[in-house]
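Report on one structure; see the data block that follows.
Please treat every number below as a calculation from the coordinates, not as lab data. On a predicted model such as this, the values are computed, not experimentally measured, just so you know. Here Cβ is always computed from backbone atoms with ideal geometry, including for glycine, and neighbour counts include all displayed protein chains.
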Amino acid sequence: AAAEASLYTASDQILLLTPDNVDSLLVNSSAAVVVEFYASWCGHCIAFSPVYKKLARNIKEWKPAVDLAAIDCASEASRKVCMSYSIREYPTIKFFPAYSKPESTGQTFTAFPRDVQGLRHTIIKKLETHEEPGPPACPPLEPASQAEVDSFFETNNVQHFALIFEEENSFIGREVILDLLHRLIVNVEARTFYSYALQGLPGVVRSGKPPPVPPDVITNNTKEPWRPFNSSRVYMADLESALHYSLRVEVATHSVIKGDALISLKKYIAVLAKYFPGRTVMMNLLSSANSWLQNQAGDEISYEAFQEILDNSAQSPDTALPEGETWVGCQGSQPHFRRYPCGVWTLFHVLTVQALSIRATDPKEVLSAMRNYIRSFFGCRYCAEHFENMARESVMEVNTLSSAVLWLWSRHNRVNNRLAGALSEDPNFPKIQWPSPEMCSECHTVTVNGDHKWKEKEVLLYLQSYFSSDRILTDYLE
Ligand code: FAD
């Protein structure tokens, strides 16, 4: 039968209940089931549906122990089912314990929270008070006693033992247990996967690193409204903003550009003119700036002269470097997070991928231009130093266009690893080893020893698609 739960689809990881499947899913199930009874016309239900979808994604690891379901009581076909559960108001959420009897009408969540965190906690409380027999996949959730911890190693022979210390009213320990459920069952012992699960928990930081500064400590003085964006896509607005800042602000700090800096600028503009997948006005500008620069035979130029090229060109309608910064995928939750450095990484990933896709002749060309630019101009000097060290160590090993793409990816991950948990980390955009298993599960594997291992072929394909010029979104451009 066609699923009737019209606020949700099969891809939401929510069981869609129908008169035909309701008994088989709710009666005698080995998992507990949480059911939202809603009416598709009800405004509260519509407003709540994104939260419920998010909850489903958020607790998909809990599936062997607890599942989420929904049913549209406004649909003609399902009306009778809802009546049999005495549903009078929408949305109603009920908890059906594992092994429910056919006559069970479930336990109603009264005044339930409307946020993912609160709902997670409500479900945990239900699991904790579950009568026997509970869901077989649900491990004990009560805290360990001092005696159990003391005698743990006497009675167990294990390699890893995670002990979470928490306040009495904290849910972190129980959440970790449930978040790791799926992995414990499939018995994949990969450190990185565990770390992802742990890092995903609110308030969990690595020991030895300072915790993120709470947002209310730093005053947010951006007047800009938040721009919704798709985190699996690249935005041209970020690339253009990075170019604006780089060429009008960063390069401008050198009033006279000479020696290494002049070589760097020439290489940078040459690479942009060749590989930047930009709008026509931008490409015209880069092309004329490139011709002008390549014709400068002297040892130095003034920034003013270069600026004239940038600005003069802007006077002709088909040639322009857009002004100002409009961060989209690189927005931060505070004005000092993300933005320009995020734009720089994104720009160079795009350029290495573009060089590969149009089969450039020199595999080192883009990385060499990046190395020079960072060394000569990048305003964060200690970042530049670190990057130069990485480049000095291994960039000479790059000998194909694909290895250039992968070199930048892996060095970026090294930087991410070093910066995870640092004060500069936007708590809303934690530094991860990228792409995460959620973004690209095929990119990850485990060795026979249980260590995490990247599948570089898959990573390369992922990078080629993620940064490809024809997937760049042009939203928010003037
Ligand atoms: P970023 O790290 O800027 O990443 C931008 C986007 O790229 C991410 O949102 C993601 O979509 C994607 N991405 C993430 N990882 C990868 C990957 N491995 N491969 C491909 N794409 C990926 N800051 C310091 O504090 N110390 C430093 O030493 C330092 N060195 C830097 C060196 C360079 C060359 C650059 C450009 C920046 C450096 N930074 C450094 C800044 C820092 O790396 C981040 O850019 C900044 O903290 C903003 O982080 P972000 O969360 O926006 O993500």
- Rounded to whole Å and sorted largest first, what semi-axes of the equivalent ellipsoid does the C-alpha gyration tensor of the range 384-470 yield via the square root of 5 times each eigenvalue? 20, 20, 15
- Note on the structure: Those cysteines in the chain that have no second cysteine Cβ within a distance under 4.7 Å are Cys138
- With viscosity set to 1.567 mPa s and temperature to 4 °C, compute the Stokes-Einstein D of the chain, Rh being the Kirkwood radius across alpha carbon pairs; µm²/s, no decimals. 50 µm²/s
- Kindly state, to the nearest 0.05, the FRET efficiency for Asn28 paired with His386, given R0 = 56 Å and r defined as their beta-carbon distance. 0.45
- Task: Compute the acute angle (0 to 90°) between the alpha-carbon long axis of helix 259-275 and the principal axis of greatest extent of the alpha-carbon atoms of the chain; round to the nearest 10°.
- Result: 60 degrees
- Item | Tensor-based shape of the range 259-377 (alpha-carbon gyration tensor, a/c under 1.5 rounded, otherwise prolate or oblate) | rounded
- Item | Stokes-Einstein D in µm²/s, Kirkwood radius over Cα pairs - the range 1-132 at 10 °C with 1.306 mPa s viscosity | 109 µm²/s
- For a quick protection proxy, order the peptides 262-269, 377-384 by their average other-Cβ count within 10 Å, most packed first. 262-269, 377-384
- Message: Sort 30-38, 240-248 by the packing proxy (mean of other Cβ within 10 Å over each peptide's residues), most packed first.
- Response: 30-38, 240-248
- Can you give the angle from 0 to 90° between the axis of helix 303-315 and the longest principal axis of the chain, with both taken from C-alpha atoms, to the nearest 10? 70 degrees
- Item | In degrees, nearest ten, helix 401-419 long axis to first principal axis of the chain (Cα) | 60 degrees
- Task: Normalising by the residue count of the chain, find the relative contact order in percent from Cα pairs under 8 Å and 6+ residues apart.
- Result: 14 percent
- Using a Cα distance threshold of under 23 Å, what count of lysine pairs results for the range 1-111 when pairs must be 8 or more residues apart or interchain? 9
